[in-house]
Structure formats: structure tokens, C-alpha cells
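Some notes on the structure that comes next.
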Amino acid sequence: SQQGEEDPQALSIQEGENATMNCSYKTSINNLQWYRQNSGRGLVHLILIRSNEREKHSGRLRVTLDTSKKSSSLLITASRAADTASYFCATDKGGSEKLVFGKGMKLTVNP
Amino acid sequence: DAEITQSPRHKITETGRQVTLACHQTWNHNNMFWYRQDLGHGLRLIHYSYGVQDTNKGEVSDGYSVSRSNTEDLPLTLESAASSQTSVYFCASSAARAAGGPRGNEQFFGPGTRLTVL
């Protein structure tokens, strides 16, 4: 079963614009993570936000978490063509060692 | 540098054959996972292990098996390949929560194996 669901499922923007992706989940979590997958490659971890955190930054990435709404957002600022990829949110349902991944969202950044 | 590798990267097999996909990590992680990725389904967990001699079923385990005889390897076996098992398979590893540290249960992924069952 899918714990996280990304929204929108696909987004196309121009280089330099900001990209926002949303993730909703269903059960309590210990942390929520975002991953990127370039075409034909494995997933790469981007950022982790714990359940007691509301916002976190890493370079051009900003993640927010609202545990009352069971939702998170990933903002990529000043996007580049190299940001073109699929993005997945993942949650550790109930603090499990396992992660449950959403179906992913495809971001296209046009040069 | 530590890494996680998968082999083969591409495999074509016939229905009914046994197939084993290899996964090897040098992170010294206790946790290892096998996923399959299909269009419209995202990543689905097949089997996972929290340490040597420990294996557990994931959400789509039917037709698959794993064994963990050492920390570094978690081979995935398809006992009798079916066309429905045509997919891209990813192996991942993570440190156990008990290991502590600020990184949480971040998973490190291999490059994937594309399996086609004819």
C-alpha cells in the first residue's frame, strides 16, 4: 500500500522558476524523506525532515512538514535543467526501519 | 568509497527459469531491501533484512525469496520466473536506527537491474 502520494504527478517549468511538490501520507511517522531519481538510475536521498521539525533547508531545497495535515512539500528554487528527474517522498510508517515510497512525481525543467 | 552494486544490470530470461539477482554493499549496513519499480506503481517492497540470518516479506513477496548469510549481500531469487515479474529491481541499504547518528534511516540505492521475462 502507498503511504505517501506526491502531487502533482508531473510538472513542467522553465529554468530559473521554482518547483513545488507536495506529499500526503496516512499514518504517524518518525521522519519523511525526499529522493530523486534520474532516468535509468537508482534513487538518491535528498533530504530528511523529522516529525518534530517544521522546515528544513539544504542548498536550493526547502522542505516543510505539517504533521497535523499529514503533508509535506518540497520546494526547489531557481531550477536548472539538471533538476529534471522523478521525485519521491518516503515515510517510515510508525517509525519503522522500512520506508514506504509514493508513486513519484516527474519534474521537467526546460532550458 | 562505500557503495552498493547490483548484477547483472540487464537480464532476459524465460518463463519458468530460476533467476538470482545479486546485491552487494560495502556500507556495513545492517538493513537491506529489495524493491521493484513498475509504471503506475512506484517502488514496492519485495523482501527486507535487518541483519544476518534475518529476512522478512514485503508487500509483493510472492514468487521471490532472499537469504542473508553475511552483512554485505542480499541476493534475490525468482524461483520460477513469470512474465508479471518483468520489472526494474532495486536494492537498497540503510544503517540501523540503533546505530544512532543524525541521518536517520536514509536508504542508499543500487543502480538497478532490468529484468525481462519472456
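The values are calculated or read from the model by the stated rules, or taken from the named source; none is laboratory data. Remember, predicted model here, so these are calculated numbers, not experimental data. Reconstructed Cβ throughout: ideal geometry from the backbone, glycine too, with neighbour counts over all protein chains shown.
Kindly indicate whether any position in region B:24-39 is within 30 Å of A:Pro8 (Cβ to Cβ), assigned to a loop (DSSP other than H, G, I, E, B) and out of contact with any strand residue (DSSP E or B) (no Cβ under 6 Å at 6 or more places or on another chain). The answer is yes; a qualifying residue exists. For region A:36-53, the candidate set comprises residues that are basic (Lys, Arg) and either in contact with an Asp or Glu (Cβ under 9 Å, 6 or more places away or on another chain) or more than 30 Å from B:Arg114 (Cβ to Cβ) (or both); within that set, the residue that is surrounded by the most Cβ atoms within 10 Å (Cβ to Cβ) is A:Arg36.
Counting the residues of region A:20-63 that are without any contact (Cβ under 8 Å) to a residue 12 or more places away in the chain and either closer than 14 Å to A:Ala90 by Cα or small (Gly, Ala, Ser) (or both) gives 4. Restricting A:Lys26, A:Lys56, A:Lys70 to residues that are at positive phi and surrounded by 14 or more Cβ atoms within 10 Å (Cβ to Cβ) narrows the list to A:Lys70. If only residues of region A:86-108 that are more than 7 Å from chain B (Cβ to nearest Cβ) and assigned to a loop (DSSP other than H, G, I, E, B) are counted, the one that is modelled with the highest pLDDT is A:Ser96. For region A:25-32, does any single residue satisfy the condition of being closer than 27 Å to B:Tyr50 by Cα, part of a loop (DSSP other than H, G, I, E, B), out of contact with any helix residue (DSSP H, G or I) (no Cβ under 8 Å at 6 or more places or on another chain) and within 11 Å of chain B (Cβ to nearest Cβ)? Within region A:25-32, not a single residue is closer than 27 Å to B:Tyr50 by Cα, part of a loop (DSSP other than H, G, I, E, B), out of contact with any helix residue (DSSP H, G or I) (no Cβ under 8 Å at 6 or more places or on another chain) and within 11 Å of chain B (Cβ to nearest Cβ). In this structure, does B:Gln25 turn out to be surrounded by 13 or more Cβ atoms within 10 Å (Cβ to Cβ) and within 10 Å of chain A (Cβ to nearest Cβ)? No.
Could you say which residue among B:Thr55, B:Thr71, B:Thr13 is free of Cβ contacts under 8 Å to residues at least 24 places away in the same chain and over 14 Å from B:Gly112 (Cα atoms)?
Of the residues listed, the single one that is free of Cβ contacts under 8 Å to residues at least 24 places away in the same chain and over 14 Å from B:Gly112 (Cα atoms) is B:Thr55.
Kindly check whether there is at least one residue in region A:53-68 that is part of a strand (DSSP E or B), within 14 Å of chain B (Cβ to nearest Cβ) and not hydrophobic (A, V, I, L, M, F, W, C). Checked region A:53-68: at least one residue is part of a strand (DSSP E or B), within 14 Å of chain B (Cβ to nearest Cβ) and not hydrophobic (A, V, I, L, M, F, W, C). Considering region B:49-118, the qualifying strands (runs of 3 or more DSSP E), each wholly inside and each with 1 or more residues that are within 11 Å of chain A (Cβ to nearest Cβ), run over B:54-57, B:87-94, B:113-117.
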